[in-house]
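Below: one structure, written as structure tokens.
The values are calculated or read from the model by the stated rules, or taken from the named source; none is laboratory data. These numbers were taken from a predicted model, which means no experiment stands behind them. Here Cβ is always computed from backbone atoms with ideal geometry, including for glycine, and neighbour counts include all displayed protein chains. What goes into the accessible areas is simple: the full protein's heavy atoms, side chains included, and nothing from ligands, DNA or RNA. Shrake-Rupley method; radii C 1.70, N 1.55, O 1.52, S 1.80 Å.
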Amino acid sequence: MSGFLCEIVLSLGILLLLIMKPFGLRTSVHGCYYVMLVMGICAVISCYAPVGTVLQVSAQTFFVMEKWTYVVKLGILLMSAVGVYFLDDVLLRMQNVSSVEIFSLVLLQTLGMFFVIMSVHWISLVVSLELMYLPMYALVALKASDKRAQEAACKYILMGALSTGIFLYGVSLIYAVTGDFNFVNWREMASMTHAYAHTDPEVLWLTLPQAQTLLAVGALFVTVGLLFKMGVAPFHWWVRDVYEGATYPVVALIGGAPKVVIALVWIRVFMGEYAALDESWAWIVFAVGVGSMYFGHMMALAQERIRALMAYSSLAHMGFVMIALALISQWGNQSAVFYTLGYGFTVVSVFVVLGAMQIDGRDVLLMEDLKGLSKHQPWLAFFLLCALFSLLGVPPFFGFFLKVQVLRALLQAKYYVLAVVSLIPMVIAAGYYLRAVSLMYFHDAETGQVLTFVGGRVHRSYFVLASVLLIALGVFPNIILSALIP
Amino acid sequence: MYLSSLALWHGAVGAGVAVLQSRSSVWIQKLTALVLGFLGLVLAGCLWYGFDQRMDYQFEERLPWLPDLGIHYHLGIDGVSLGLVMLTFVIAFLSILTVCCLEGKLFSQTFALIFGVQAMSIGAFIALDAMLFYVFWEASLLPMFMYIGMCGGRERRHATKKYFLYTMFGSLFFLIGVLYLAFQAGTFSLLAFRDLPLSFSEQSFVFLAFTLAFAIKLPMFPFHSWLPDAHSQASTAGSMLLAAVLLKLGGYGFLRFNLPIVPDACQAYAPLMVVLSLVAIVYIALVTMVQTDVKRLIAYASISHMGMVTLGIFALYLLPQHAMDTYQFLGLAGVMVHMIGHGLSSAGMFLGFGMLYARMGSRQLADYSGMMRVMPTLSLFYMIFVLSAIGFPGTVGFVGEFFILLMSMAANFWVAATAVLTMLLSAVYGLRLIRHIFYGRVMHDQAHCALDVMLGEKLLLMFLSAGIIALGVFPEVVVRMTAPALQRTLLEAQVQKF
């Protein structure tokens, strides 16, 4: 039980937060500090969690804690903390918003994410996924008066429900074949030499080919459910609207850490090889990944609104991650986790920096609003430069090594043509990342437009630190890259 | 002695210092940049002084960087690198002096970017680890991209984006080639790549991947369209850096990567490369002759000269067996002298034109006439630069072209006959340039008010001209410095790997 101290503390923190308001304790002003304190305690605790902790109830293993789990938890906590800190400012600017519930939603989302990455049981996975996603749906609908936000939240809920439904259907098929909700023993199940039935043998008895077909179909449904949640083409239709409708810190919260979590779910679910899932499954995911990359980058090229651009670019980056994940190799999984973590951090920081700026009293919405940023806010512009080039994957920034890891995984599995094909979209991406940099540095601001930074010294120093980190990690990437190798 | 690292990170230190001084007065910024640039020259002198003429790499440093992936921080200088590193230090210093004299704003950022380009280029020239080389190669794009975009002409945004995208496209293929080789070899070290046995199809793939990147950088004929735009939109110092240093990265890449690692593929594709070089030499020279924008004219002239460089590198595979011993070294020596000479002369041409542009404000050839009467000093030095570009004996431009032509004559009569046309065609565009700008009557009122070159500008012009004439009369200096390294390259280039 002590291994799950982190989650227990988090749950207690949420409960405390929720009962604070009726007791009249002031949390509306800078309630984020409370949240971050809780998260900080969790982070410290999780560093000391014993490895190999297992939560079992009646001989069914629900959660497993592995060595790398706590590193990912730290990453998720950090991303959420950044999002929360900047969310606080946004909430202060909005009226009629109760920050207590909103912070408790963020904590619930974090708790859900923790449970998801530790799940080894279908039921616990689905329940944790819902725990993770429901707060996110609510966070998108933060501003009750904003029709766009409401529409985005509706689309998000519908898509989320649809994807969970598809996922569950796949789970049910797999359960029908294997009779066990635990997915650590897939390999045995899939390569079984005899059919297995969990109900009355006369009623449901499968032959081996039937079992393998059902397993394959179930796995396909599970795959599609996960791809929906990741937001890759052709399951991407919700991404743009959700990113557009939500406010910037919320986009940071829903665009950063959840991607890491879904990548980890994928790794857990599809670890090992199956007789039922052959090359063709991998090729489906490769096709989805490559298509997502090309589609995402090309659509982003045409966007004028920043959040839509980042939404389509997230499509493309996650497509790249999918290609790495479909390899089902140790290198592929490792590189995918690195990539989503690095991408998550960068993207969270980009969204919060955009959210911390205001132009003529309104949010920064269009690419054109970035014009002349280098003159008004040189450090913010420099941070955006580092972040955008890191996302593009140009040395000497950290993002380059993340890309190299994935390429290495591809080449090790001897997919040479795929490696070339997945690199080319980088040039398309450069089209719009360079346009953003060009707008910031090579253009002057429109006359009369004033871009102000809404934030204090701490906010500004965060961005300076982030840009220094992006360069420093690009020069010494080993600090991070050797930390996650199990 | 950690001289390699010192040379490499000197630029980073310079960039950092320049950024930190962004709020100081302009004089302090200029002074520190000049002092640091001069320190760079001192470093170049130290490297020269400590260099022995040996075949292997000197000032070698090897530290683990990403040992799990087999990537090391491996630096080493041989004759080829030394020449180009010294050229980089010299041109960087001259660029800083140019910015001090000619440009009017954004000093600290400009100095930071120039130092950045210097650091990344030197890193690429001395890296002995393929991934390290790639990091520096790509990273050199960033400060140049920012420099052209921030201090450039009216179409600078388009030109700089084109430059970045085009070069990055080639580099991606280079990355794939490097990763593939690293898988086969187990490490990213260039020395391991050199010893790696590869089948012909593997060599073909790697050769094409590498060549695409270097051909875009150099640039070679079908991939040259980014250069005229980038040059015409860049500021004077930017053009100097681009022409003199960054273009040489392509030539260096051919010498360091293609020849040792995939020699059989080089042998097989040599006719294709020679044909492309000849097209660059002749066709691009014809294009140069009709240009109306002076900077585009000089840019196209650069492409034509780089065609000569690739001719020198690949025509050596066309040499018949009996002529191999005598002429193969001559060809590569000519390539080195030509690269260094072109660096100096094109920097000079861009510099001189920058001085004219600062006074007259136009890049069109038609807006200049009779400048010799108003600016006689500049005319003298500019003539020397153009003579070097033409390949006039007495200047370094002649030496390089002559060696390459000698070698190509031994290789194939028709190749040499076509290449010799460069002498004629370059004379046409060079003298046309001189005639339009400097001779004739002073037509435009603005020209009457133009002041002749002042002290700082005179120093720049004298320095470059002295270098051009000195190397033209004593090319032995360069040849002796690079000889052992070139001989080693030649040995590696003729290995049969499968």
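Points to keep in mind about this one:
- Unmet requirement for B:Asp78, which otherwise passes all of (1) farther than 19 Å from B:Lys30 by Cα; (2) at pLDDT 95 or above: (2)
- In the condition set (1) open to solvent by less than 10 Å² (accessible area, probe 1.4 Å); (2) out of contact with any strand residue (DSSP E or B) (no Cβ under 7 Å at 6 or more places or on another chain); (3) within 24 Å of B:Ala299 (Cα to Cα); (4) assigned to a helix (DSSP H, G or I), B:Lys162 is compliant with all but (1).
- Looking only at segment B:144-155, residues that are touching a residue at least 40 places away in the same chain (Cβ under 8 Å) and more than 7 Å from every other protein chain (Cβ to nearest Cβ) come to 8 in all.
- Condition check for A:Gln358: away from every other protein chain (no Cβ under 14 Å), surrounded by fewer than 24 Cβ atoms within 10 Å (Cβ to Cβ) and at pLDDT below 90: yes
- Segments classed as helices (runs of 4 or more DSSP H), wholly inside segment B:40-145, with at least 3 members that are aromatic (Phe, Trp, Tyr): B:107-126, B:130-139
- The single condition among (1) modelled with pLDDT of 90 or more; (2) over 22 Å from the mean Cα position of the chain (by Cα); (3) facing chain B (nearest Cβ under 8 Å) that A:Pro396 does not meet is (1).
- Checked against (1) over 25 Å from A:Leu473 (Cα atoms); (2) under 15 Å from the mean Cα position of the chain (by Cα), A:Gly344 passes all but condition (1).
- Scanning segment B:67-92 for residues being over 15 Å from the mean Cα position of the chain (by Cα) and closer than 20 Å to B:Met150 by Cα gives a total of 0.
- When residues of segment A:442-466 are limited to those that are in contact (Cβ under 8 Å) with a residue 24 or more places away in the chain and within 12 Å of chain B (Cβ to nearest Cβ), the one least open to solvent (accessible area, probe 1.4 Å): A:His443
- The test for being closer than 25 Å to B:His74 by Cα and either touching a residue at least 24 places away in the same chain (Cβ under 8 Å) or surrounded by fewer than 24 Cβ atoms within 10 Å (Cβ to Cβ) (or both) holds for B:Ala182.
- When segment A:432-441 is filtered for residues that are facing chain B (nearest Cβ under 7 Å) and of a type outside the set (S, T, N, Q), the ones remaining, listed by number, are A:Leu434, A:Tyr441.
- Candidate set from segment A:270-291 (those that are open to solvent by 70 Å² or more (accessible area, probe 1.4 Å) and either among the basic types (Lys, Arg) or part of a loop (DSSP other than H, G, I, E, B) (or both)); member that is modelled with the highest pLDDT: A:Met271
Condition check ((1) basic (Lys, Arg); (2) closer than 30 Å to A:Gly355 by Cβ; (3) at pLDDT below 90; (4) open to solvent by 20 Å² or more (accessible area, probe 1.4 Å)) across all residues:
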position: A:Gly170; (1), (2), (3), (4): no, no, no, no
position: A:Arg187; (1), (2), (3), (4): yes, no, yes, yes
position: A:Leu204; (1), (2), (3), (4): no, no, yes, yes
position: A:Leu214; (1), (2), (3), (4): no, no, yes, yes
position: A:Thr223; (1), (2), (3), (4): no, no, no, no
position: A:Phe228; (1), (2), (3), (4): no, yes, no, yes
position: A:Ala233; (1), (2), (3), (4): no, yes, yes, no
position: A:Asp241; (1), (2), (3), (4): no, yes, no, yes
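- Within this structure, B:Ser189 passes the test of being of a type in the set (Ser, Thr, Tyr) and closer than 20 Å to B:Pro67 by Cα.
- Annotation note: Cβ proximity below 9 Å between a residue of segment B:48-75 that is under 13 Å from B:Met131 (Cβ atoms) and β-branched (Val, Ile, Thr) and a residue that is outside any loop (DSSP other than H, G, I, E, B) and open to solvent by 80 Å² or more (accessible area, probe 1.4 Å) (sequence gap 6+ or interchain) occurs for B:Ile71/B:Pro64.
- Of all residues making up segment B:1-18, the number that are modelled with pLDDT of 90 or more and over 24 Å from the mean Cα position of the chain (by Cα): 3
- Checking the stated criteria, B:Ser95 turns out not to satisfy the condition of being among the small types (Gly, Ala, Ser), out of contact with any Phe, Trp or Tyr (no Cβ under 8 Å at 6 or more places or on another chain), farther than 21 Å from B:Ala230 by Cα and more than 10 Å from every other protein chain (Cβ to nearest Cβ).
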